[in-house]
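Taken together, the values in this text are just the output of simple stated rules run on the coordinates, not laboratory data. Everything quoted here is computed from the prediction, not taken from an experiment. Glycine gets a Cβ as well: all are built from the backbone with ideal geometry, and neighbour counts include every protein chain shown.
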């Protein structure tokens, strides 16, 4: 009996081993097939990704070429500026533009409340120095000025006050210092607190910060109009608070669009946006321009409200305030040279979204001119160049040296005429 059981156990054991021997090759074949399938999938996925990357790069390259040369697109403003006739015969221009191009490629630093500030920079023609509560464009004032004998003037504005597209000696504050010191005001010290891209809301905050930091100006000058009026478009919502509002808002809130907004700067997205925008009919754009009138009024309302706050600070801190609304290419009756005429036609003479944007800006200018004449709360300079035939503009808003000099002359003359008030 025992022998019989032993033989059965051995037989069972032998049968089990045989079963395992049969299963193992089948399992091995299945695993091998799975590995081959995974390998094929990985290859296909890698090939697809590489193909998509190469295709995207080719599309981006093609869009860059299209954007750079096609007349329907708005070409790089930098190239347009360099071609302005205001630089003809200027020996300093090539070196200056090398420096200006490098400077513009620098990232702007974050500044609390004001969002961004001036980047510290030092070169032959452009110098941004660290000073009172920040970094500011250099203004060459008389070397013998002392705190007890000088008239201290602070100037505020956007890129036009900062001096984009001109050397240190050709900014509005630089010419203003030169002219006021020649006119016999004693020793006048002018500080340039212009920041590229600022609107009056940011400039108001900046003034308050400088006062809190211990500054004591005798005169404060505001020179604005272009940036504030730019934010009146589009009419689908209230005027924007500042430039890059949606980008900064999305990044602060951590939204998905904020994480991938770098794609919006690609040439492919620019071309796509341009094509979509130009697909709108003339009637649609005309309708949008008509609907922008509430924004036109709100824009000038906000400007006047900010200037009232500036004057309130002037009363509290004992300084005079002068507010000027700056010129722009598309407004007024300046005799335009061919370069300026071409820009004016491109900007406000077509049926593109950019033309609609400029036409709304012109509407803001008309309202500002009307308010200035009615209230006298600010000086409207929109017609300052109406009798000037020589080239002045670098682009739609920025001026070359001669244009800035004419502006400084007008401001200096106004200060001279109203010193006793």
From the Cα centre of region 293-330 to that of region 25-49, the distance in Å is 70
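I need the peptides 353-363, 371-381 ranked by packing, meaning the mean over residues of other C-beta atoms within 10 angstrom, with the highest value on top.
Values: 353-363: 21.5, 371-381: 14.9.
Ranked by mean Cβ neighbours within 10 Å, highest first: 353-363, 371-381.
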Applying a 10 Å radius around every beta-carbon, put 127-134, 189-196 in order of their mean neighbour count, most first.
189-196, 127-134
Cβ crowding within 10 Å averaged over residues, with 153-161, 108-116 ranked highest first:
153-161, 108-116
